[in-house]
Amino acid sequence: MSNAMWGGRYASGPAAVMEDINVSIDFDQRLYRQDIAGSKAHAAMLRAQRIVSAADEAAIQKGLDQVLAEIEGGTFTFKRNLEDIHMNVEARLAEIIGAPAGRLHTARSRNDQVATDFKLWVRDAADGLDAQLKDLQRALAEKALAEAATVMPGFTHLQVAQPTTFGHHLMAYVEMVGRDRGRLQDARRRLNESPLGAAALCGTSFPIDRQATAEALGFDRPTANSLDSVADRDFVMETLAAATIAAVHLSRLAEEIVIWCSSPFSFVRLSDAFSTGSSIMPQKRNPDAAELVRAKVGRVLGGFTAIVVVLKGLPLTYQKDMQEDKEPTMDALASLSLAIAAAAGMVRDMTANAAVMKKAAGQGYSTATDLADWCVRVLDIPFRDSHHIAAKCVGIASAKGVPLHKLDLTDLQSVDKRITEDVFSVLSVGRSVASRVSYGGTAPKNVRAQARRWLKKLAD
């Protein structure tokens, strides 16, 4: 039997495999709120433009409210033979109100309908992700404020480079997540144009008011070109591109948590709430939440890649290929949402092992640059010369098996006799950290100021 919603010229129904490949209700039923909101806005506009009667519009609105209540109440039956969310809603509406339901599809197509629904869904998802990322920033900034003076090693090439603080390290992620939010907000601004009213591809001859439906659905304006309106999925690609970068940042944070929790480091500890055990090794505490956050980037990037491949080379306008945009997008954004929630939970949960961090910060002669800077500042030596002086001092300390601040003054003066007792004011890790007061530097007072600035901003 052909589909009663579109199969007027078809004498028989599709093959079973055709139905399986064509149907989308299994996943696009998640668009039901957006689909009903779009239909309600469209019906109100049709009435305002005198395209449908007040009585028909009232019946449509009441019927759509009932459909929404049934779906949210779990009593709605989604039918695969009706293919998608649009026809499932419309068919049920017809069962409820009869003939007036047939007027709802006047001056629109499933092409502009699905573009509108999916834009609304992606917009809602972007807003939800932004709220989650804001919460993650707050968690990071709160922990950074508490750990502003907790000395830890800063790394380059995963080798101890210079002393920093745990708070300063966490604030780096606050900045990264801030950029992630900016990208999502930029994508949201660009997507916020309504395709509704573009119809199949060329607009409609009915005197519709696209500005009215755009405003009713919270869009800034209607889209300007009907072909682009139904063919565009830039909003999906851009949102997923922003999501992929955010997932990469979460993966970097997760990797650091994995490293910090490992026995050779033991910089932080996660509680039982964010750790798992081993089925064979009873002593194990595995940072599985962090490992899974690290892995989620694959699913988010996979979603982005899938959409790009689907759209590459598609001629204008709508093609059925574009039905493949929803599953990877929904999976990718759900994966990112879960990863953000887990990351925020771990940040709030983890406790720093300050003594271990401080000890590690002094390894590898991490204050050698402070010694070179002191020679420039106090002795007026060019930096390249002071660099050689510091390197020779490191060689002496290495031969003696002591950190720089444990060398005798005579050892330092054997390299350059102009070095004075004052040099020891910069050679300990605590003093090194405190001295880095340049804007954006690691000094605890800087970290506190930045953390408080962000927390104030995030409270708005």
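The values are calculated or read from the model by the stated rules, or taken from the named source; none is laboratory data. Nothing here was measured: the structure is a model prediction, and the numbers come from that model. Note that each Cβ is placed from the backbone with ideal geometry, even for glycine, and that neighbours are counted across all protein chains shown. In case anyone asks, the SASA skips ligands and DNA or RNA and just uses the protein heavy atoms, side chains included. Shrake-Rupley method; radii C 1.70, N 1.55, O 1.52, S 1.80 Å.
Per the listing Thr369, Thr305, Thr351, Thr317, the residue uniquely touching a residue at least 24 places away in the same chain (Cβ under 8 Å), more than 20 Å from Asp28 (Cβ to Cβ), assigned by the TED database to the domain that holds Arg285 and polar (S, T, N, Q) is Thr351. Of all the listed residues (Ile259, Ile245), the sole one being closer than 30 Å to Ser194 by Cα, open to solvent by 10 Å² or more (accessible area, probe 1.4 Å), modelled with pLDDT of 95 or more and not small (Gly, Ala, Ser) is Ile245. Any residue in the stretch 111-131 that is among the hydroxyl-bearing types (Ser, Thr, Tyr) sitting within a Cβ distance under 8 Å of a residue that is modelled with pLDDT of 95 or more? List the pairs, counting only those 6 or more apart or interchain. What qualifies is Thr116/Gln34; Thr116/Gly38; Thr116/Ser194; Thr116/Pro195; Thr116/Leu196; Thr116/Leu217. Within the stretch 60-81, the set of residues being open to solvent by less than 70 Å² (accessible area, probe 1.4 Å) and more than 19 Å from Ala216 (Cβ to Cβ) comprises Ala69, Glu70, Ile71, Gly73, Gly74, Phe76, Phe78.
Determine whether Glu90 is at pLDDT below 95, open to solvent by less than 60 Å² (accessible area, probe 1.4 Å) and either among the acidic types (Asp, Glu) or assigned by the TED database to the domain that holds Ser229 (or both). Break it down into steps so the answer makes sense when it comes.
Numbers: at pLDDT below 95: no; open to solvent by less than 60 Å² (accessible area, probe 1.4 Å): yes; either among the acidic types (Asp, Glu) or assigned by the TED database to the domain that holds Ser229 (or both): yes.
When the stated conditions are applied, Glu90 does not pass them.
Those helices (runs of 4 or more DSSP H) of the stretch 351-460 in which 1 or more residues are open to solvent by less than 50 Å² (accessible area, probe 1.4 Å) and farther than 27 Å from His169 by Cα occupy 368-379, 383-400, 409-413.
Tell me yes or no: at least one residue of the stretch 183-190 is open to solvent by 50 Å² or more (accessible area, probe 1.4 Å) and under 28 Å from Val52 (Cα atoms). So far as the stretch 183-190 goes, no, none of its residues is open to solvent by 50 Å² or more (accessible area, probe 1.4 Å) and under 28 Å from Val52 (Cα atoms).
Look at the stretch 52-66: where a residue is of a type in the set (D, E, K, R) and a partner is open to solvent by 30 Å² or more (accessible area, probe 1.4 Å), sitting 6+ places away or on another chain with Cβ atoms under 8 Å, you get Asp56/Arg47; Asp56/Arg103; Glu57/Ala44; Glu57/Arg47; Lys62/Ile97. Is it the case, given these coordinates, that His388 is at pLDDT 95 or above, of a type outside the set (Asp, Glu) and over 32 Å from the mean Cα position of the chain (by Cα)? So His388 fits the description; yes. For the stretch 120-136, a residue qualifies if it is open to solvent by 50 Å² or more (accessible area, probe 1.4 Å) and more than 13 Å from the chain's Cα centre (by Cα), and exactly one does: Asp124.
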